[in-house]
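To keep things clear, I will list the structure first and then write my remarks on it.
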Amino acid sequence: MESGRRRNHRSHRLDRCPMNRVALSSWTGLPHTRIYPALEVELDAENPFAQTGATLLARGNGRSYGDVCLPSDTAVLTSRLQRIHSFDTERGIITAEAGIALAALLRITIPRGWTLPVLPGTGAVTVGGAIANDIHGKSHHWAGTFGRWVRQIELLRSDGRIRCSPCDNAELLAATIGGLGLTGTITWAELQLIPCSSAWMETRATRFATLEEFYDHTRTLEATAEYVVAWCDLSRPGRISGILSAASFCNDGQCSVPPTANERRFPPLPVSVFSRPTVRIANMLYRWLSSRGPSREHYTTVFFPLDRLPWNRLFGPRGFYQLQAVLPKECAREGVTAICERLWHAKLPVPLCVLKQFSAIESPGLLSFPMAGTSIALDVPNTNGARDTLRAIIADVVAAGGRIYPAKDVLMIPAEFQRMYPQWEVLERWRDRRCCSQFWERVTCGIQS
């Protein structure tokens, strides 16, 4: 059925203009790279929906870890949407095009005393991608998700352009926040910023030796720190330990930002560097390097640790899985422990495990991921047994009433997705019939028309 839909999409192409062909994959390398037709969108140019009869999907910098960023047919590249339309430095309101990366946005706002309230672990995420995936960060205990700070957007659909805000077209806005690009292409967004008086942050590392200590220390740190996250060491079976990192902006007025570094591209290594012995050694080294008292670090180091090395290339040509789950508050301890036990039983190397607490702050999107409870994110090399183990973990999360983050998924089956996100049918009603992704085809099992 799936291949039949794709043939049907291609048979109706209008092809009014020549298309580029680009190699696309997710950030993890799974699914593996394929060649796709692609169009570039510009704010004042012809509507891309008028240039072809194919189904389209907007794509930013491709930092999603799953197939939500892969079109079922043709990609709409937003890399030319880079302009700032306006910046009210008195009220902290900025209007930016959807293709600009969050790191580039901060280089404009922080020297003027403003920052984004919600930031992910990489600055390469675009404004459009942040909205479409309703991203979260280390500040969920007070800021919630990115979508809460969106004042209005412009959406490019097959039937034209439309502005959405909490007052106008509010239901379409709710479908677009966390809507995975399925309601149309976001061209620009007006965002609410928060004040900051420095580009530097006061940081503190706190060790925890058990999951109970993680919860106790997190509760204490969230009472005073603006940003809190935990790195977790799973290299020793039966023991969940790690380091909690807390950070808040300094008050010193030093708002300068460093010069932009040229992005270096690296090919994948011929083999993965991660095995159980190498992960144990790396974790011991990281634990030693993090054994320090309070310190002062630049915001780029605190917010964007994933940009300091070519992390995705270290897994070799087979790539890796990232799975992020949230377990409801009432069963989070047991759920996190059960996930770790499955990983230990399968003897899988886990080079990165991140724990965060999500608050009860309501997210604005129909398919927003967070709920009150504990989030666990895992990077697992694509080795024998990884897929089956992660599939079992997903089934456990579903049974516990939790959720898997669509932006980082390649393994959910339709029944699991539809149970975790019962609002998917509402999004399907708002979906532009000319927009589709490989993810949506996979988890809706061809229900879309």
What FRET efficiency do you get for residue 308 and residue 216 if R0 is 41 Å and r is their Cβ-Cβ distance, rounded to the nearest 0.05? 0.85
Which aspartates and glutamates, if any, have their Cα less than 15 Å from the Cα of residue 138, not counting same-chain residues under 8 positions apart? 202, 222, 226
Going by amide H atoms built from the backbone, whose H comes under 5 Å of the H on residue 151, apart from near neighbours? 190, 191, 192
Extension gain (nm, one decimal) between residue 362 and residue 90, 0.36 nm per residue minus Cα-Cα: 95.1 nm
Gained length - residue 318 relative to residue 428, 0.36 nm times residue gap less alpha-carbon distance: 36.3 nm
Would you please put 367-375, 68-76 in order of how densely packed they are, using the mean number of other Cβ atoms within 10 angstrom per residue and starting with the highest? 68-76, 367-375
Of all trypsin sites (Lys or Arg not before Pro) in the stretch 170-264, the ones in DSSP coil with at most 14 other Cβ atoms within 10 Å are 239, 264
Show me the trypsin sites (Lys or Arg not before Pro) within the stretch 307-394 that DSSP assigns to loop and that have at most 14 other Cβ atoms within 10 Å of their Cβ. 308, 347
If you stretched the chain out fully between residue 42 and residue 396, how much longer would it get, using 0.36 nm times the residue separation minus the C-alpha to C-alpha distance? 123.1 nm
Enumerate the residues in the stretch 214-233 having an amide nitrogen under 20 Å from the point lying 7 Å beyond the Cα of residue 288 toward its Cβ. 231-233
For the stretch 205-279, what is one quarter of the convex hull surface built on the Cα atoms, given in nm²? 8.3 nm²
Given charges at beta-carbon only (K, R positive; D, E negative), |dipole| of the chain in Debye: 1260 debye
If you take the alpha carbon radius of gyration of the stretch 84-196 and divide it by 2.2 N^0.38 Å, what ratio comes out, to two decimals? 0.99
How far apart, in nanometres, would the label points at residue 334 and residue 445 be if each is projected 7 angstrom from Cα along the Cα-to-Cβ direction? 2.8 nm
Once label points are set 7 Å from the Cα along Cα→Cβ at both residue 192 and residue 415, what is their separation, rounded to one decimal in nm? 4.2 nm
Residues 303, 274, 266, sorted so that the one with the fewest Cβ neighbours within 10 Å comes first: 266, 274, 303
Report the label-to-label distance for residue 161 and residue 269 in nanometres (one decimal), using points 7 Å from each Cα along the Cα→Cβ vector. 4.7 nm
Pick out, from 69, 155, 114, the residue whose Cα sits farthest towards the positive end of the charge dipole of the chain, with +1 on the Cβ of Lys and Arg and -1 on the Cβ of Asp and Glu. 69
HN-Hα couplings for the stretch 166-171 via Karplus (6.51, -1.76, 1.60; θ = phi - 60°), in whole Hz with x for Gly/Pro, come out as x, 9, 10, 6, 5, 5
Among 142, 27, 344, what is the fewest-to-most ranking by other Cβ atoms within 10 Å? 142, 344, 27
Report, by chain and number, residues whose modeled amide H sits under 5 Å from the one on residue 208, excluding near sequence neighbours (fewer than 5 apart, same chain). 242, 243, 244
Find the centroid of the Cα atoms in the stretch 388-449 and in the stretch 58-134, then give the distance between the two in whole Å. 24 Å
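Computed from the coordinates by the stated procedures, all read-outs in this text should not be read as laboratory data. All values derive from a computational prediction rather than experimental measurement. Heads up, the Cβs are rebuilt from the backbone with ideal geometry, glycines too, and the neighbour counts pull from every protein chain shown.
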